[in-house]
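Notes for the one structure printed next.
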Amino acid sequence: MAVKSAISVTFFCLVLLALANGSNAGKIAIYWIFLGLPASPQAAGSGFIPAFDLTSQVLPAIKGSAKYGGVMLWSRYYDVQSGYSSSIRSHV
């Protein structure tokens, strides 16, 4: 699997911040970046990355960034069902 083609990240939070802070639009200070992922294929229509691909390919590429903040999963219900966070916890 090619990781680049499997990842679709939308930074909608940055857009919301820009809209909320009109006086500084375009000058958003980014302190942390979190990778938001579905916790199972059932949690979203697309964007699911198997734990092995995340820990072997994606995280090594982004953890070197000073802005890396961690991983967020959607949702806790699906995480409990799949055990996704348990399988990636030691790599985040």
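All of the numbers you see were taken from the coordinates with simple rules; none came from a lab. Note that the coordinates shown come from a computational prediction; the quantities given were computed from them, not determined experimentally. Positions of Cβ are generated from backbone atoms using ideal geometry, with glycine treated the same way; all protein chains shown enter the neighbour counts.
When you filter the trypsin sites (Lys or Arg not before Pro) in segment 31-92 for DSSP loop state and at most 16 other Cβ atoms inside 10 Å of their Cβ, you are left with 63, 67. Distance between the 7 Å Cα→Cβ label points at residue 86 and residue 34: 2.3 nm.
Once the convex hull of all Cα atoms in segment 27-89 is built, its volume per residue stands at 99 Å³.
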